[in-house]
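Q: Below is one structure. I have some questions about it.
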Amino acid sequence: HTVGIDRAVNAGFLTRLAAAGCGRYELVESEHRLDAAMDAIHSRIGAPLVRDLTVVGESVVGGSVTPARLPGLYSGVPLVMRGRYRGKPPTELIIHGQDGAGRPWQQHAAAIDVTPRVPPDDPIRPIWARGRLRDLEDAYASEPSSELEQRIVATSLGHGVLCRFTAYVAADPQASESAGPLH
């Protein structure tokens, strides 16, 4: 679990650091709110209700759920995960884990019954891709490989999301005569 105190805290770093330990993060703007924040954290830290979570579904693409290492379920704290599926949307998702006593836990959840409509500027794909790239880049940081680098680049280019190996370049097709000779 991580706590950031001040207005100039790197929230992204704290979020990823907490996620690496399957914990939660809390941002506190000033010391005046620190006691209330610490009380909230203390009530959550005790023990997650469920840990070691995995999600399966009939058409869910294996390895597509992000974050790759799901945090535990804590009382009153939402858990957001994203994944991809092939073909028809899954009608049911099964969430597995272990309860606080270490016993197997399982929950069947009806997937939302909708016909997917993908707008031309689909906002969901980049959101999933950013999460997937975070997972891949974390794996690359701990154990670099050319195969992992290729997967990172393919995900980045395939979804139009920047990563450590890609960049956008703007080119002006109109040449300017007043700019002088090119260098």
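Throughout, read-outs are computed from the coordinates displayed, never taken from laboratory work. Small disclaimer: the values here were computed from a predicted structure and weren't measured. A quick note on method: Cβ atoms are made from the backbone with ideal geometry, for glycine too, and the neighbour counts reach across all protein chains shown.
Q: Name the residues whose placed amide hydrogens come within less than 5 Å of the amide hydrogen of Val28, ignoring near sequence neighbours (fewer than 5 apart) on the same chain.
A: Amide H neighbours of Val28, under 5 Å, 5+ apart: Gly4, Ile5, Asp6.
Q: Right, something else. Please give the FRET efficiency for Gln150 paired with Ala20, using the beta carbon to beta carbon distance and R0 = 35 Å, rounded to the nearest 0.05.
A: On the way: r = 24 Å, r/R0 = 0.68.
Once rounded, the FRET efficiency stands at 0.90.
Q: Which ³J(HN,Hα) values in Hz, rounded to whole numbers, follow from the phi angles of the stretch 61-78 under the Karplus curve 6.51 cos²θ - 1.76 cosθ + 1.60, where θ = phi - 60° and Gly and Pro get x?
A: Computed from phi, the couplings for the stretch 61-78 are 6, x, x, 8, 5, 10, x, 4, 10, 6, x, x, 8, 10, 4, x, 10, x Hz.
Q: Would you mind computing, in nm to one decimal, how far apart the modelled labels at Asp99 and Thr54 are, each placed 7 Å from Cα along Cα→Cβ?
A: Distance between label points: 2.0 nm.
Q: Ok, one more. Given N residues in the stretch 44-100, what is Rg(Cα) / (2.2 N^0.38 Å)?
A: Rounded to two decimals, the normalised Rg is 1.22.
Q: Of the listed peptides 127-139, 148-160, 91-103, what is their order by residue-averaged count of other C-beta atoms within 10 Å, with the highest listed first? Don't jump to the answer; show the numbers that get you there.
A: Numbers: 127-139: 18.9, 148-160: 15.2, 91-103: 13.6.
Answer by packing, highest mean first, reads 127-139, 148-160, 91-103.
Q: Would you please name the GluC sites (Glu not before Pro) within the stretch 10-69 that are DSSP coil residues with at most 13 other C-beta atoms within 10 Å of their C-beta?
A: Answer in residue order: Glu29.
Q: For every helix of n ≥ 4 consecutive DSSP H residues, a contribution of -39,500 (n - 2.57) applies; sum these over the chain, divide by its total residues, and give [θ] at 222 nm rounded to the nearest 500 deg cm²/dmol.
A: -9500 deg cm²/dmol
Q: Spin-label point model (7 Å from Cα, Cβ direction): what's the Ile124 to His108 distance in nm?
A: If labels sit at Ile124 and His108, their model points lie 2.4 nm apart.
Q: Roughly what % of DSSP beta bridges within the chain run antiparallel, to the nearest 5?
A: So the antiparallel bridges amount to about 80 percent of the total.
Q: Using modelled backbone amide H atoms (1.01 Å from N, in-plane), which distant-in-sequence or interchain residues come within less than 5 Å of Arg82's amide H?
A: Correct list: Thr66.
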